[in-house]
1. If you go through the stretch 40-52 one residue at a time, do you hit one that is within 30 Å of Lys91 (Cβ to Cβ) and under 33 Å from the mean Cα position of the chain (by Cα)?
2. Can you tell me which residues in the stretch 18-68 are surrounded by fewer than 10 Cβ atoms within 10 Å (Cβ to Cβ) and not charged (D, E, K, R)?
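Just so you know, all these numbers are worked out from the coordinates, no wet-lab data involved. No experiment lies behind these values; they were computed from the predicted model shown. Note: ideal-geometry Cβ built from the backbone for every residue, glycine included; neighbour counts use all protein chains shown.
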Amino acid sequence: MRMSSFVLGGMVGAMAAMFAARRRPELMARACTAMTDAGAAIAGKAMSMWLNADMKKAAAEAPKPADDTAERSGVAWEQIEAIISSDPAVKKEVDKIKAASSGMTH
């Protein structure tokens, strides 16, 4: 396509739009509303597809729970208890916290 035919087509289209706007303003108003609605729908679908792709990527990259999570958690609590029992000052502080939290209603 030549540039001159593109420019000529644009000018003809602009003249047709001006003619329609003067002769039938309600027709132009409806056409503008339809174009706006179509643009909003296209933008909404594009945004939805973009977010959907991001969510799928995030779900794929998220860490999955391992089968031995409960075992590792138990080992971690045993280590915490060993640290607490090894230091009397820490054990005393932990006992204070436990006493304070047991009196609270959740």
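1. no
2. Hits for the stretch 18-68 are Ala58, Ala59, Ala60, Ala62, Pro63, Pro65, Ala66.
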